[in-house]
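All remarks here apply to the structure that follows.
We did not get these values from a lab; they are worked out from the coordinates using the rules stated. Small disclaimer: the values here were computed from a predicted structure and weren't measured. Glycine gets a Cβ as well: all are built from the backbone with ideal geometry, and neighbour counts include every protein chain shown.
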Amino acid sequence: MDNQEQLYKLLFDQASEGLIVSDESGIIEIVNAGALKQFGYSEVSELAGNSIDVLIPPRFRSKHHGHHSGYMKSPHNRKMGGGQVLYGIRKDGSEFPVEIGLSTFLDGQGKRKAFALVTDITERHRIAEINSSLERERELNNLKSRFVTIVSHEFRTPLSAINSSAQLIEKYTTSDTNEQRVKHTHRIQDSVSHLNGMIEDILSLSKIEEGKIEVKSEKFNLDEVISEVLSEYAELYPGPSFEWKPATSVIESDRKLVGHILQNIISNAFKYTPDGKGITVDVTPHLGDYVITVTDSGVGIPDSEQSKLFERFYRASNVANIKGTGLGLHIVAKYLDLLAGKIKFTSEVNKGSQFTVTLPKNAKI
């Protein structure tokens, strides 16, 4: 053995990383001390002559056969895994995360060999998990902070309105003040309705986060649900006009969730459209879906904020004086996921928004 060969052998044996040489069929020929330590073996003879599969967890072995065969047919230097976390299995059956670099070479007889550089990334993986947990905790803390800020403000406003209206009603005791009494009674009813809506949103969010939403499929007339929602919000917001042409739209889905989706989209259209402006609702069959389009003439959503619209507790900067918790569209998107539906929108500030909801005619729930 010449000096260069001795140097290569020294580097191979002393490397802290795992080094494994196998033949074209995946039979291990050589391993270094680093690989033995990583995989919990004490002698090269325990691995030499065995398939590389002994170092791979059983659940990954079938896929590895195809990957190995394909690689040997078209070899090139690369990392295994394509960005996914890979795992090795030790002699005692325990698993650990690894990073593997692959290359090939021809030996003295012209036979192709695979050369694997194995790095134990247990510590890196542990740190990544810790960082991920910290990031999730930071996100939860931010969400809690936003929740407290928004909900406390949104609860305080209607409660103050209820309190002041109740106090004023006590003063209107004669028949000629009946109009004022009715006005404040309506104000109380509107505030209670707003509070109930917020509580419903918070409860819905909680159920979604805990995976407790029950989806029940039934056949119903989609037009009836839309008409009910339009009637409800046209009464609450009499200022904007609306246009709607019912058709026969029988759908099989969860009526309650579909109703909640439509309530949110349509109520937003009324809420953000100024008095005297118009709203249109349209349902169009398209292949196996119904496409529901709600177009308003409202304040619109700033371009820079549109990507955040479906986030929890997010409200656009130009709607600060309009009631809302920023939960509605987030819940809508989650419900549509459950119903195999989709939502998209276009919007322009001071010109209005158009929301398009696509629902399967027969959802596979």
Helix axis angle, 328-338 relative to the chain longest principal axis, alpha carbon, degrees: 50 degrees
Per-residue ³J(HN,Hα) for the stretch 255-268, Karplus 6.51 cos²θ - 1.76 cosθ + 1.60, θ = phi - 60°, Hz, x for Gly and Pro: 4, 5, 5, 4, x, 5, 4, 5, 4, 5, 5, 6, 5, 4
For the chain, Kirkwood radius (reciprocal of mean inverse C-alpha pair distance, Å): 26.4 Å
Globularity index of the stretch 237-333, i.e. its alpha-carbon radius of gyration over 2.2 N^0.38 Å: 1.15
Set of lysines near K111 by C-alpha distance (under 21 Å), chain-local residues within fewer than 8 positions excluded: K9, K73
Euclidean distance between Cα centres, the stretch 231-257 to the stretch 87-112, Å: 62 Å
Environment charge at Q180 (Cβ cut-off 13 Å; Lys +1, Arg +1, Asp -1, Glu -1): +1
Under 27 Å from the Cα of K171 - lysines, other chains or at least 8 residues apart: K183
Environment charge of I89, counting only residues whose C-beta is closer than 11 Å and scoring Lys/Arg +1, Asp/Glu -1: +1
Most mobile of T293, T122, T173 in a GNM of the chain (Cα contacts under 10 Å): T173
Whole-Hz ³J(HN,Hα) from phi, Karplus 6.51 cos²θ - 1.76 cosθ + 1.60, for the stretch 276-284, glycine and proline x: x, 8, x, 10, 10, 10, 9, 10, 10
All lysines inside 28 Å of K308 as judged from Cα atoms, apart from same-chain residues fewer than 8 positions distant: K144, K207, K212, K256, K271, K277, K323, K334, K342, K344, K351
Theoretical gain in end-to-end length, E43 to K308 [0.36 nm per residue, Cα-Cα removed]: 89.7 nm
Least to most buried among L287, L257, L102, L47 (fewest other Cβ within 10 Å first): L287, L102, L47, L257
